[in-house]
Ligand SMILES: [Zn+2]
Ligand SMILES: [Zn+2]
């Protein structure tokens, strides 16, 4: 099977990565942690197999934003790049906004809508989950 390849990186260019598809779980996350991490009302994400993700330049700085979660960013410019959850050790989530061609992967749902800000309307008709993707 031919895997679709993706590349991306941070704003300043110090950190570059490559990932091979399939990209799963394409979503807008409205959770309060993503909001603060990115300084943005929601963050679009894609999940890749960790074995198919690698850095091609620089290094990620990671910190624990909650007990099970490691968020990766560029230590120079601060771009939010990755999310790892101890509950899904084979996965890594990547911010769609850091891809070189972000238009290629469109979010397919909204998650953590219970945390959504009231001034963010959802008008795209995509499925909405109150919590994570498995929730109502
Ligand atoms: Zn950077
Ligand atoms: Zn989130």
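The numbers here are math on the coordinates, done by the rules we state, and not lab data. From a predicted model like this one, the values you see are computed outputs, not experimental measurements. We place every Cβ from the backbone using ideal geometry, glycine too, and count neighbours over all the protein chains shown.
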So, how do all the Cα-to-Cα distances of region 35-89 break down into 5 Å bins, in percent, from 0 on up? 4, 16, 27, 29, 18, 5, 0
Proxy exposure order for 82, 47 (fewest C-beta within 10 Å first) is 47, 82
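For an R0 of 25 angstrom, estimate the FRET efficiency from the Cβ-Cβ distance between residue 64 and residue 115 and round to the nearest 0.05.
Numbers: r = 19 Å, r/R0 = 0.77.
So the FRET efficiency works out to roughly 0.80.
Can you tell me the relative contact order of region 74-128? Whole percent, Cα pairs under 8 Å, sequence separation 6 or more.
Details: 32 pairs, mean separation 12.8, N = 55.
Normalised by residue count, the contact order of region 74-128 is 23 percent.
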Ranked by Cβ crowding within 10 angstrom, fewest neighbours first, how are 96, 81, 26, 117 ordered? 117, 26, 96, 81
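Counting only DSSP beta bridges with both residues in the chain, tell me the antiparallel percent, nearest 5.
Values: 31 of 34 bridges.
The antiparallel proportion sits near 90 percent.
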Stokes-Einstein translational diffusion, the chain - Kirkwood Rh over all Cα pairs, 0.692 mPa s, 37 °C, in µm²/s: 217
How do 64, 24 rank when sorted from fewest to most other Cβ atoms within 10 Å of their own Cβ? 64, 24
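Once the mean 1/r over all distinct Cα pairs of region 74-136 is inverted, what Kirkwood radius in angstroms do you read off? Please report the intermediate quantities before stating the final value.
Values: mean 1/r = 0.0716 Å⁻¹.
For region 74-136, inverting the mean 1/r across all distinct Cα pairs yields 14.0 Å.
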Determine the relative contact order of the chain: mean sequence separation of Cα pairs under 8 Å and six or more apart, normalised by residue count, in whole percent. 27
Yeah, region 1-79 with a ≥ b ≥ c from its alpha-carbon gyration tensor (a/c under 1.5 is rounded, else prolate when a/b outruns b/c, oblate otherwise) is oblate
